[in-house]
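Below is one structure, written out as structure tokens; the observations come after it.
The values are calculated or read from the model by the stated rules, or taken from the named source; none is laboratory data. This is a predicted model, so every value here is computed, not measured. Here the Cβ positions follow ideal geometry from the backbone for every residue, glycine too, while neighbour counts run over all protein chains shown. Quick note on the areas: whole protein, heavy atoms, side chains included, nothing else; ligands and nucleic acids left out. Shrake-Rupley method; radii C 1.70, N 1.55, O 1.52, S 1.80 Å.
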Amino acid sequence: MTHNRIIIATTLLSSSFLPQIKTMVEEGKNEVLANQRSIEDWLSHARELVPVALDRAREVKGFPARWRKIISKLEQIPSCLSDLSSHPCFSKNALSKEQLQAVSRTLAEVIELAESCLGEKYEGKLRMQSDLDSLSGKLDLNLRDCGLLIKTGVLGEVSEPVSAIPNSLTETEAVTSSNIKELLARLQIGHLEAKHRALDCVLELMKEDEKSLFAALGRSNIAALIQMLTATSPCIREKSITVICSIIESGNYENWLVSEGVLPPLIRLLESGSTVGKEKAVISVQRLSMSAETARALVGHGGIQPLIETCRTGDSVLQAAAACALKNISAVPEVRQSLSEQGIVKVMIDLLDCGILLGTKEYAAECLQNLTAGNENLRKSVISEGGFRSLLAYLDCPLPQESAVSALRNLVGSLPPEKLASLNFLPRLVHVLKYGSLGAQQAAASAICRACGSEEMKKLVGEAGCIPLLIKLLEAKPHGAREIAARAVSSLITVPQNCKEIKKDDKSVHNLVQLLDSSPQNTAKKYAVSCLLCLSSSQKCKRMMIAHGAIGYLKKLAEMDIPGAKRLLERLEMGKLRSLFSRD
């Protein structure tokens, strides 16, 4: 069924490329059907017209500069026709016949305009100048299209007649591929309206067999589609961006698209395109911005301001896509300052506060996380714009997101402890440690590590109820989560009040001993040793360490020169000896 539809679509398209043809000037403008002549007849006809057109053009005295240019192009046509007709598949391809018809029409027009100039039968000089400029453009198009037919290889690829009836599935696939390649070739050849008709057929084919269409795409087809993004017709621009957006979403040809110059027209569509054009353009930019190289290119082409404006004024779908694109771009460190200078911080905070879709808020939080990752000036900018409060408010949702916690982690070092306390920062971290994803919990533990620069802050963290939750996090499977939880506990345990609370927790010693494993993957062992050393002042804790096998672990760690391992081992072994003597 799909194969038949492709054949029908291509047949209809071929017929649309066989318009009414001018005959010789002496015969007037009588119309003839293209299929009344064979391709060899059209070749002979075009060759006969060339010397006639050249003779008439050379006789004209008026408009000398324009006619010299036209004559120069006419002199190139014989070799162009020779190259085309010498191709092995010349006579098997409908495109060859259509190209000869187009050349013949242009040659007939040369003769007609030359006769008008010779007889001075024209409606004013300005009108004739315009007609001659148009004629020169048609000759350029004819020469370009003849070259393209050969350079693109389409004559060799598309040599099966459209009406051929395949005898097997393999032949069906071959004919289908042949017709698709012919259809794609039409995007490059002919005047704009002809390309428009080809574009319509491509859109129809996408509905039926997008996979086969994309598989047949070549670089020249991509370039032709990109050129149509700058067409004067809004309709053509919309259709072109629809096809390009689908190609980008398929995950193919992204490098070709960028290298062929898709970014500038995409940005222009973002700025001034129709509703459909803007939507497809921002979705395309969102996908392309996932590449760091393309993200840099987007900044260089002035793509930031249109994306920021879309976040400010676009509907919810456009906002989400633009925010995602900006989040992708903000992942590139060297462009972050440029983003800040163009106002991205305020826009992301506004989206965090007022974004309609949850996805938009998440992208905004991720963007702020990226911006604050390694730049103190940007961190101060986010804080001064109210970003810390907005991120905290975003954490109040039932499932607090990792990106917001990570952004807050980046900011805590830039705020004094009293400010953090007044903003209810610690209760939000407790909420995250209870209900957040594992990644969010890990980010919360990291935030605690960064915030605990003073004894006062460590005490406040303990009073907030973070310690039991951190001890539970020591049981997590990912090594990174266990490491940051152990690091947080080792920081908090230096405060006597916190140390008492850790001793009371039934799971603390067991979980910490399990982190004494000597494997390279276990990056938490040094923090576990540090915590257990603090707890070893308690006889009860020492007995629990011994019972859970800490001595065996510590012997290996002592050999590895892990700080504190040898001292803790000595304490436990001494305690074990005392225990034996006391039994005697």
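Observations on the structure shown:
- Nearest-ten-degree value, helix 169-185 long axis tilted from longest Cα axis of the chain: 80
- Between helix 455-464 and the chain: long-axis angle, C-alpha atoms, 0 to 90°, nearest 10: 80
- Qualifying GluC sites (Glu not before Pro) for region 75-112 [loop in DSSP, other Cβ within 10 Å: at most 14]: 75
- Under Karplus coefficients 6.51, -1.76 and 1.60, residue-wise ³J(HN,Hα) of region 235-241 in Hz, glycine/proline x: 4, 5, 4, 4, 5, 5, 5
- Nearest 10 degrees, 0 to 90: helix 94-118 Cα axis against the chain principal axis: 60
- Within the accessible area of region 431-584 (1.4 Å probe), percent carbon and sulfur: 51
- Percent accessible area from carbon and sulfur atoms, region 288-364, protein chains only, probe 1.4 Å: 56
- Percentage of interatomic Cα-Cα distances in region 489-537 larger than 12 Å: 60
- Mean Cβ neighbour count within 10 Å, used as a protection proxy, ranking 372-381, 444-453 highest first: 444-453, 372-381
- Solvent-accessible heavy-atom area per residue, rounded to whole Å², over the chain at 1.4 Å: 46
- Partners for residue 239 among lysines (Cα-Cα distance below 25 Å; same-chain residues under 8 apart left out): 138, 181, 195, 207, 211, 278, 280
- Sorted into 10 angstrom bins from 0, the C-alpha pair distances of region 294-374 split as 21, 59, 20, 0 percent.
- 10 Å binning of all Cα-Cα separations within region 443-584, expressed as whole percents from 0 upward: 12, 44, 33, 10, 1, 0
- Spatially proximal lysines relative to residue 556 (Cα-Cα < 20 Å; intrachain offsets below 8 disregarded): 525, 526, 542, 566, 576
- Taking the empirical scaling 2.2 N^0.38 Å for compact globular proteins as reference, region 251-342 has a Cα radius of gyration ratio of 0.97.
- In terms of the mean number of neighbouring beta-carbon atoms within 10 Å, the peptides 319-331, 417-429 order highest first as 319-331, 417-429.
- Averaging Cα coordinates gives a centre for region 385-446 and one for region 47-73; these two points are 78 Å apart.
- Shape call, region 411-465: gyration tensor on alpha carbons, a/c limit 1.5: prolate
- Mean-position separation - Cα centroids, region 121-135 and region 458-503, in angstrom: 86
- Rh (Kirkwood; distinct C-alpha pairs) - the chain, Å: 29.9
- Sorting the segments 339-347, 358-366, 268-276, 220-228 by their mean number of nearby beta carbons within 10 angstrom, highest to lowest, gives 358-366, 220-228, 339-347, 268-276.
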